[in-house]
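**Q** The structure that follows is given in the form of structure tokens.
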Amino acid sequence: MSSVPAKRPLTLVLASPRGFCAGVDRAIHIVEKALEKYQAPVYVRHEIVHNRFVVESLAQKGAVFVEELDEVPDDAAVVFSAHGVPKTVPEEADRRGLTSLDATCPLVTKVHREAELHYDMGRQIIMIGHAGHPEVIGTIGQVPEGTVMLVGTPAEAEMVQPRDPSMLAYITQTTLSVDDAAAVIDVLYRRFPDIVGPKREDICYATTNRQAAVKTIAPKCEALMVIGSPNSSNSSRLVEVATRAGCARSVLVQRAAEVDWSLLDGVSRLGITAGASAPEILVEEVVAAARERFDVTIEEVRVTTETVTFKLPQALSE
């Protein structure tokens, strides 16, 4: 009589907070409410958030994702992504008479306002961030071309040459590694003691909290999975943070179907988290897939509770 082999035990250590932040939640709701109010199709410039599952779900409801405004027909409704856009984009939308809705995360908008303020004060701006990321492009696009110098590493911060070190400010992308940003900021303060920084850290609360949770669980896990998209900055940073915190087998996976279960050979404790643009349903999917293969015990490690919410634009909340 054959018996089913016993499943090997596996403890899943769930980092908390994980997954959606208030800015992502707001951006998705803006697209959903716009579809209710204006009917499909509603156009969205760039991915509303960096997650394929979210983008495909909204596309099924009638959202049409485009790269630039010239792909949007006249008289249509268009939503700007959570990462923010250069000033020229809403100006062009207004010129064409499009109905535009700004889903930029309010914490990114805060950095936009800082850039404008520094420019108005005559300061040259150093932005700490990743070249080519939509948030960086949007932030640099708030002020005239040539106003912002982009640095991504301490080595680049050592090389940067401002025109007047006494009239200098820095801002940062909101989704950076807290430790990486701190290393760059240390170089800037050493080289330019008069540099002006933000009153409160630009790196957003959600990025900071998710990194803190990963730092807490990584040393206690033999492997760690970050659920998120490859083009998601905050998700990629979580893999780096986990690796540095002592979990060498840390990987980014988009969803359960892509998991390489051989990664877990010899693993008894697997850490799981999700980037700020990854919905909890994708975490549940990975947990369910693990239950099929292992005798799973769940352990949740919470470092803080998030209560942040952001209002929808007035045009949608009426």
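**Q** So, of the residues in region 40-56 that are outside any strand (DSSP E or B) and of a type in the set (A, V, I, L, M), which turns out to be farthest from H133 (Cα to Cα)?
**A** Among those residues, the one meeting the criterion is A40.
**Q** Same structure, new question: Which pairs have Cβ atoms under 8 Å, sit 6 or more apart or on different chains, and link a residue in region 282-309 that is in contact (Cβ under 8 Å) with a residue 60 or more places away in the chain and under 17 Å from Q211 (Cβ atoms) to one that is among the polar types (S, T, N, Q) and surrounded by 14 or more Cβ atoms within 10 Å (Cβ to Cβ)?
**A** V301/S16; V301/T216; R302/S16; V303/S16; V303/N209; V303/T216; T304/N209; E306/N209
**Q** I would also like to ask the following. Sort through A213, A276 and tell me the only one that's in contact (Cβ under 8 Å) with a residue 24 or more places away in the chain and more than 25 Å from E56 (Cα to Cα).
**A** A213
**Q** If I ask for residues that are of a type outside the set (S, T, N, Q), free of Cβ contacts under 8 Å to residues at least 60 places away in the same chain and farther than 13 Å from A181 by Cβ, which ones from region 109-135 would you list?
**A** Scanning region 109-135 gives H112, R113, A115, E116, L117, Y119, D120, M121, G122, I125, A131, G132.
**Q** Can you list the strands (runs of 3 or more DSSP E) lying wholly within region 185-275 that have 1 or more residues being among the charged types (D, E, K, R)?
**A** Per the criteria, 269-274.
**Q** Consider region 98-140. How many of its residues are in contact with a Leu (Cβ under 8 Å, 6 or more places away or on another chain) and outside the structural domain of M159 (by TED's automatic domain parsing)?
**A** 2
**Q** Checking D180 against (1) outside the structural domain of P154 (by TED's automatic domain parsing); (2) within 24 Å of E156 (Cα to Cα), which single condition isn't satisfied?
**A** Unmet for D180, out of (1) outside the structural domain of P154 (by TED's automatic domain parsing); (2) within 24 Å of E156 (Cα to Cα): (1).
**Q** While we're here: Take the conditions more than 27 Å from P106 (Cβ to Cβ) and not in a loop (DSSP other than H, G, I, E, B) and apply them to E284. Does it pass?
**A** So E284 fits the description; yes.
**Q** Within region 216-250, can you find the residues that are of a type in the set (A, V, I, L, M) and surrounded by 17 or more Cβ atoms within 10 Å (Cβ to Cβ)?
**A** Answer for region 216-250, where residues must be of a type in the set (A, V, I, L, M) and surrounded by 17 or more Cβ atoms within 10 Å (Cβ to Cβ): I217, A218, A223, L224, M225, V226, I227, L238, V239, V241, A242, A245.
The values are calculated or read from the model by the stated rules, or taken from the named source; none is laboratory data. All values reported here derive from a predicted model rather than from experimental measurement. Neighbour counts run over all protein chains shown; Cβ positions are idealised from the backbone, glycine included.
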